[in-house]
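Heads up, the thing below is written out as structure tokens.
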Protein chains: 2
Amino acid sequence: MPTISNKADSMPASPIRKLVPFAEAAKKRGTKIYHLNIGQPDIETPQSFLNAVKTADIKVLEYSHSAGNESYRTKLCNYYKEYTININPNDIIITCGGSEAIEIALMTCFNAGDEIIIPEPFYANYNGFSKAADVIVKPIRSSIETGFALPPIADFEKVITPKTKGIIICNPGNPTGYLYTKEELLALRDLVKKYDLFLLSDEVYREFCYDGKEYISVMHLDGIEENVVLLDSISKRYSACGARIGALISKNKTVMSAALKFAQARLSPPSYGQIGAEAALDTPKSYFEDVKTEYIARRNFVVEALNKMEGVFCPKPSGAFYCIAKLPIDNADKFCQWLLEEFNYNHQTVMLAPATGFYSTPNAGTNEVRIAYVLNLNDLKNAMECLQQALNIYPGKTN
Amino acid sequence: MPTISNKADSMPASPIRKLVPFAEAAKKRGTKIYHLNIGQPDIETPQSFLNAVKTADIKVLEYSHSAGNESYRTKLCNYYKEYTININPNDIIITCGGSEAIEIALMTCFNAGDEIIIPEPFYANYNGFSKAADVIVKPIRSSIETGFALPPIADFEKVITPKTKGIIICNPGNPTGYLYTKEELLALRDLVKKYDLFLLSDEVYREFCYDGKEYISVMHLDGIEENVVLLDSISKRYSACGARIGALISKNKTVMSAALKFAQARLSPPSYGQIGAEAALDTPKSYFEDVKTEYIARRNFVVEALNKMEGVFCPKPSGAFYCIAKLPIDNADKFCQWLLEEFNYNHQTVMLAPATGFYSTPNAGTNEVRIAYVLNLNDLKNAMECLQQALNIYPGKTN
């Protein structure tokens, strides 16, 4: 039997998926599970999106342009313009989800063995995509005490080597919910300029910024236009995760023409998703206002409930729909498994994501969990009650 | 400005796309172009597929399972059973087109620097996917004189080194239309067994086998179940190229569990495409019979017309919807460009794919073109008339 590749062998398994068999067993026992473990929103996809797909007049479902339909890319420029991101259709490649944008960006910008700096905790799949592209992840720690603000620039400089080729950030952040300030992004800009690095920025949660705080894109940063690659997706924006429509965006023409060769090899992004996404650009502002109001209410409830629990600390995030909480527990992996395997409160339990999966440094985040507030307020209330009860009796409690 | 990766820099551009600007210019001059250059069929997508998408009751367009919807994979097993391919849903990962199946298979089975043997001419994007996965392509020549039959096993053995990790074939073949015989596949099986290689087989054209010839899958070969990875796609089967639905299939559990980690990192395949593809499994047999009848008529016409032209030789393919013709010309790249740039016959011309792009060996196929018979008979008649007229006056004619 031939052996699989070393890359495949060492490819990290998703930290959340390890818990899936325990969740399935719990369900079989009749336990209701509140899923706060994944970023699958319960928000309805806009009617504009769904109707466009329903009414599309298709006879032959053809390949689209490898960079995505030109009509979609053209209209998308107007969308970005509203965020004062000024691009033209050739600066955009439509991808199969944000995932493919990350994959193509890594292959385009990084040689095998090159290093990418990522503030941790970070979106766990950056690990897998880096592994697939043979890129070495160099994590630098942000801290729950500062709400996961950008680590000091000195910390970045400490890990910069001749192999460092770029930085990836997620803003607003998954899993932290942190929204980078103008000062932080200007500091990053200076760093990127100083060392001539690529700055990859995953900004798929830009619609979800709260408390009047300003969303600043890496595309707004003067003087590093050739260094910046924006990674985007409609999955969260329109609650259309299954559409698999994302985008890779850059003003760097060398990057775009190389990225297009990868895009051409795989022929085209999904046609139906593009039809929906193009139509969804006309989604009324009120849709987003309603969604935002809902998320703010959920966030306020969850963060308050968490901080009321003894020994629990949860900074209040300003964006996305996640928060990270520090719990009075020995080990988040064990605790999250225990919640599914041994605990129930009135035949209910809660599924959380152990934060360890979002850190690349071994033993980091062992007493933290990520909570996605993607359920309605009533479910969140029940979920928080479960968590409180669980913490009361968890055998590995530390205070 | 940071530099792009060596991989991106040396990523091969699609050979056909080089001609696109010339085609666009020709169109602007009012020349009608018969597109025989790409495998985009004009056949209508089955109503079962299109209706399922139209009537799908979706409120939240969610992620699917990373391996694809279980209902789809379960039903797909019945489809394969009709081809006496016996698999279960866990042997299948639904991918974003056949392209992603190839990408994941290469990353799963091959280390950087490993070698893959491919009979040439071959599907040009195997080059790009191999480059992306840092896999070295070792071409071995098949010949137009034998209709592109499998090269002798001795030719495979000549290029086998300690770095050889596998072989990829396409059956029925793109770009050759060749359908491998039982004897050829049994010989391949023995080779694969002897050297313990992976055998990747791209069988996306299995619906298109002609003249009563038997389609044999690598999944039918006894004794190499752990070596075989089947790469599939619905793009051609249902004329649904834009759906981006393919599959990676293997009985090798180590391969499947590693491949699933790559699939999990990118979250899920497209939802709409899966809905359509699942419904299309109920497409009546008459649909395929009609399509086959149509392709046979087209093939017969094109191959006969080509062989009637002076100095032209085109073996009659038994599968897919391509043929390769040897033309009395100095250089296929120049000729195909000339057809678009300088030639027209009654304001019409024909776009062909130079076969050079399907060979990895330099200077191979310089007097060959690939013709995709994806237009109706009347258009094909006009296209062949254009080609005949072009050959009459082409300045680089060799006889």
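Scan (1) within 14 Å of chain B (Cβ to nearest Cβ); (2) open to solvent by less than 50 Å² (accessible area, probe 1.4 Å); (3) touching a residue at least 24 places away in the same chain (Cβ under 8 Å) for the single condition residue A:25 breaks and write down its number.
Result: residue A:25 fails condition (1) only.
What residue, of A:149, A:187, is farther than 26 Å from residue A:15 by Cβ, away from every other protein chain (no Cβ under 14 Å) and either buried (at least 20 other Cβ atoms within 10 Å of the Cβ) or not basic (Lys, Arg) (or both)?
Criteria check complete, one pass: A:187.
Taking the residues in region A:246-260 that are more than 9 Å from every other protein chain (Cβ to nearest Cβ) and in a loop (DSSP other than H, G, I, E, B) as candidates, determine which candidate is most open to solvent (accessible area, probe 1.4 Å).
My answer is A:251.
Test residue A:198 against the criterion of being open to solvent by less than 40 Å² (accessible area, probe 1.4 Å), within 14 Å of another protein chain (Cβ to nearest Cβ) and over 13 Å from the mean Cα position of the chain (by Cα), and give yes or no.
Taking the combined requirement at face value, the residue satisfies it.
From A:295, A:287, which residue is out of contact with any Lys or Arg (no Cβ under 6 Å at 6 or more places or on another chain), hydroxyl-bearing (Ser, Thr, Tyr), open to solvent by less than 20 Å² (accessible area, probe 1.4 Å) and outside any loop (DSSP other than H, G, I, E, B)?
A:295
Can you work out which of the residues in region A:1-22 that are open to solvent by 20 Å² or more (accessible area, probe 1.4 Å), at pLDDT 95 or above and assigned to a loop (DSSP other than H, G, I, E, B) is farthest from residue A:282 (Cα to Cα)?
Among those residues, the one meeting the criterion is A:3.
Show the residue pairs that are 6+ apart or on different chains and have beta-carbon atoms under 6 Å apart, the first residue being within region A:294-321 and of a type in the set (Val, Ile, Thr), the second being open to solvent by 60 Å² or more (accessible area, probe 1.4 Å).
A:303/A:316
Is it the case that region A:87-99 has a residue that's open to solvent by 10 Å² or more (accessible area, probe 1.4 Å), at pLDDT 95 or above, more than 27 Å from residue A:266 (Cβ to Cβ) and more than 8 Å from chain B (Cβ to nearest Cβ)?
Scanning region A:87-99 turns up no residue that is open to solvent by 10 Å² or more (accessible area, probe 1.4 Å), at pLDDT 95 or above, more than 27 Å from residue A:266 (Cβ to Cβ) and more than 8 Å from chain B (Cβ to nearest Cβ).
List pairs: first residue in region A:330-350 and at positive phi, second residue hydroxyl-bearing (Ser, Thr, Tyr) and at pLDDT 95 or above anywhere in the structure, Cβ distance under 8 angstrom, at least six positions apart or on different chains.
The qualifying pairs are A:347/A:31.
Mind checking which residues of region B:204-235 are buried (at least 23 other Cβ atoms within 10 Å of the Cβ) and touching an Asp or Glu at 6+ places or on another chain (Cβ under 8 Å)?
Scanning region B:204-235 gives B:204, B:218, B:227, B:230, B:231, B:232.
In region B:306-317, what residues are closer than 24 Å to residue B:125 by Cβ and open to solvent by less than 10 Å² (accessible area, probe 1.4 Å)?
B:314, B:317
Does residue A:161 satisfy the criteria of being open to solvent by 30 Å² or more (accessible area, probe 1.4 Å) and in contact (Cβ under 8 Å) with a residue 40 or more places away in the chain?
Yes: the conditions hold for residue A:161.
Please verify whether region B:326-338 includes one or more residues that are within 14 Å of chain A (Cβ to nearest Cβ), more than 30 Å from residue A:125 (Cβ to Cβ) and out of contact with any Gly (no Cβ under 9 Å at 6 or more places or on another chain).
No, region B:326-338 contains no residue that is within 14 Å of chain A (Cβ to nearest Cβ), more than 30 Å from residue A:125 (Cβ to Cβ) and out of contact with any Gly (no Cβ under 9 Å at 6 or more places or on another chain).
Could you give me the residue pairs with C-beta distances under 6 Å whose first residue belongs to region B:261-283 and is within 7 Å of another protein chain (Cβ to nearest Cβ), whose second residue is of a type in the set (D, E, K, R) and surrounded by fewer than 24 Cβ atoms within 10 Å (Cβ to Cβ) wherever it lies, and which are 6+ apart or on separate chains?
Hits for this filter: zero, empty list.
Matching residues to (1) at pLDDT 95 or above; (2) assigned by TED's automatic domain parsing to the domain that holds residue A:371; (3) assigned to a loop (DSSP other than H, G, I, E, B); (4) open to solvent by 40 Å² or more (accessible area, probe 1.4 Å):
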| position | (1), (2), (3), (4) |
| --- | --- |
| A:33 | yes, yes, no, no |
| A:39 | no, yes, yes, no |
| A:51 | yes, no, no, yes |
| A:68 | yes, no, yes, no |
| A:73 | yes, no, no, no |
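I'm trying to understand the selection: among the residues of region A:339-363, which are buried (at least 18 other Cβ atoms within 10 Å of the Cβ), more than 14 Å from residue A:27 (Cα to Cα) and not hydroxyl-bearing (Ser, Thr, Tyr)?
A:352, A:353, A:354, A:355, A:357, A:358
Can you name the residue in region A:105-132 that is open to solvent by 10 Å² or more (accessible area, probe 1.4 Å) and among the aliphatic types (A, V, I, L, M) and is also nearest to the chain's Cα centre (by Cα) among such residues?
Filtering region A:105-132 for residues that are open to solvent by 10 Å² or more (accessible area, probe 1.4 Å) and among the aliphatic types (A, V, I, L, M), the one nearest to the chain's Cα centre (by Cα) comes out as A:124.
Report every pair of residues separated by at least 6 positions or lying on different chains whose Cβ atoms are under 9 Å apart, first residue within region B:109-131 and over 16 Å from residue A:261 (Cβ atoms) and facing chain A (nearest Cβ under 7 Å), second part of a helix (DSSP H, G or I) and open to solvent by 20 Å² or more (accessible area, probe 1.4 Å).
B:110/A:7; B:111/A:6; B:111/A:7; B:112/A:6; B:112/A:7
Quick check on this structure: which one of A:325, A:332 is under 16 Å from residue A:380 (Cα atoms), of a type in the set (Gly, Ala, Ser) and open to solvent by less than 10 Å² (accessible area, probe 1.4 Å)?
Working: A:332 fails: under 16 Å from residue A:380 (Cα atoms).
Being under 16 Å from residue A:380 (Cα atoms), of a type in the set (Gly, Ala, Ser) and open to solvent by less than 10 Å² (accessible area, probe 1.4 Å) holds for just one of A:325, A:332, which is A:325.
The values are calculated or read from the model by the stated rules, or taken from the named source; none is laboratory data. Fair warning: this is a prediction, and the values are worked out from it, not measured in the lab. Cβ coordinates were reconstructed from backbone atoms using ideal geometry, including for glycine residues, and neighbour counts include every protein chain displayed. Keep in mind that these areas ignore ligands, DNA and RNA; they rest on the heavy atoms of the full protein, side chains included. Shrake-Rupley method; radii C 1.70, N 1.55, O 1.52, S 1.80 Å.
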